[in-house]
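Enquirer: Sharing a structure, written as structure tokens. Questions coming.
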Amino acid sequence: MTHPSHPVIPLPWDVITSVFLDMDGTLLDLHFDNVFFRETVPQAHAEKKGIPFAQAKAEILAIYKSFEGTLAWYDLNHWSRILEMDIPRLKERVEHLIGIHPHVVPFLNRLKQQHRPISLVTNAHPHAIALKFKKTGLGAWIQTIHCSHDIGHPKETPDFWHALKQSSRFHPDETLLADDTEAVLDTARAQGIAFPVHMAAPSSRQPPHFSQRFPSIIDFREIMPP
């Protein structure tokens with residue numbers, strides 16, 4: 001629920017016509033991705049190279065860092081080439097960890113009952129989207145997917161939002177965006193998105209981290225439409 005030092009300003013649902021939702025860390029528990037990229041991939045690298053896990057993890061993390069902030073960072077095909085392993089298939093080792101956050105389904109159901117269009121706005125690779133939709137059934141609620149790999153720019157960049165404005169009919173001043181990444185919310189707000197909401201608890205295994213710049217919630221009960 002709400003944190004005493006981070007009260008949530010009630011959203012003006014009477015003027016919100018578009019709901020943009022991030023996937024990993026917002027709708028879905030980021031624990032899956034954290035385990036996959038920090039444990040599963042380094043372990044596979046250790047097995048392939050015949051080196052200790054600690055050494056493999058250090059090497060993998062250094063490679064990750066060199067691509068931070070770029071679209072390639074989210075591209076599973078890119079990582080398959082760079083790391084010389086089948087990243088999409090490797091996800092099957094821990095796909096049982098894919099799960100929807102608590103209180104997401106009631107929120108989505110309420111939006112659907114009110115006939116509010118729901119769009120997924122994500123940096124996730126299309127293969128990851130397909131896998132997670134298959135495991136969770138998210139497709140039952142999502143009308144539109146805006147994927148950075150289709151648009152050609154990550155959400156952290158103004159180019160993503162410029163392209164989205166041209167390709168999709170929505171009014172930024174009537175749009176809610178929920179995301180667990182403040183850099184994305186910063187850019188979106190600069191591009192006119194009127195109602196950015198920060199998700200403070202992207203992983204169920206880590207304590208919440210509240211934003212100092214955005215309305216920050218633990219779960220969607222706090223902004224449930226009336």
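Every number in this text was worked out from the coordinates using simple rules, so none of it is lab data. None of these values were measured; they are calculated from a predicted model.
Enquirer: Fully extended, how many nm does the chain gain between residue 39 and residue 55 (0.36 nm per residue separation, minus their Cα-Cα distance)? Walk me through the intermediate numbers first.
Expert: Values: separation 16, 0.36 × 16 = 5.76 nm, distance 1.22 nm.
Answer, rounded to one decimal: 4.5 nm.
Enquirer: What is the angle, in °, between the Cα long axis of helix 126-136 and the longest principal axis of the Cα atoms in the chain? Nearest 10 is fine, range 0 to 90.
Expert: The helix 126-136 is inclined about 70 degrees to the chain.
Enquirer: Moving on. So what is the relative contact order for the chain, in percent, with contacts set as C-alpha pairs under 8 Å and at least six apart? Write out the running numbers ahead of the final one.
Expert: Working: 356 pairs, mean separation 67.5, N = 226.
Worked out over the chain, it gives 30 percent.
Enquirer: Out of the DSSP beta bridges found with both residues in the chain, what percent are antiparallel (nearest 5)? Each step should come with its number before you reach the end.
Expert: On the way: 2 of 20 bridges.
Taking every DSSP beta bridge with both residues in the chain, the antiparallel ones total about 10 percent.
Enquirer: For segment 32-96, just run the numbers: alpha carbon Rg, then divide by 2.2 N^0.38 Å, N being how many residues it has. Please list the in-between numbers first.
Expert: Working: Rg = 11.1 Å, N = 65, 2.2 N^0.38 = 10.7 Å.
Compactness ratio reported: 1.03.
Enquirer: Do the alpha carbons of any pairs in 48/91; 65/91; 65/165; 65/134; 91/155 sit beyond 26 Å of each other, and which pairs?
Expert: Working: 48/91 16 Å; 65/91 20 Å; 65/165 30 Å; 65/134 30 Å; 91/155 23 Å.
Result: 65/165; 65/134 exceed 26 Å.
Enquirer: Please give the calculated 222 nm ellipticity per residue for the chain, where each DSSP H segment of at least 4 residues contributes -39500 (n - 2.57) and the sum is spread over every residue; nearest 500 deg cm²/dmol? If you can, show how the numbers build up before the last one.
Expert: Values: 10 runs with 83 residues, N = 226.
Helix-only estimate at 222 nm: -10000 deg cm²/dmol.
Enquirer: With an 8 Å cut-off on Cα pairs and a minimum separation of 6 or more residues, tell me the relative contact order of segment 32-96 in percent. If you can, show how the numbers build up before the last one.
Expert: Working: 41 pairs, mean separation 22.6, N = 65.
Relative contact order comes out at 35 percent.
Enquirer: Which Rg and Dmax, in Å, describe the Cα atoms of the chain?
Expert: 17.9, 59
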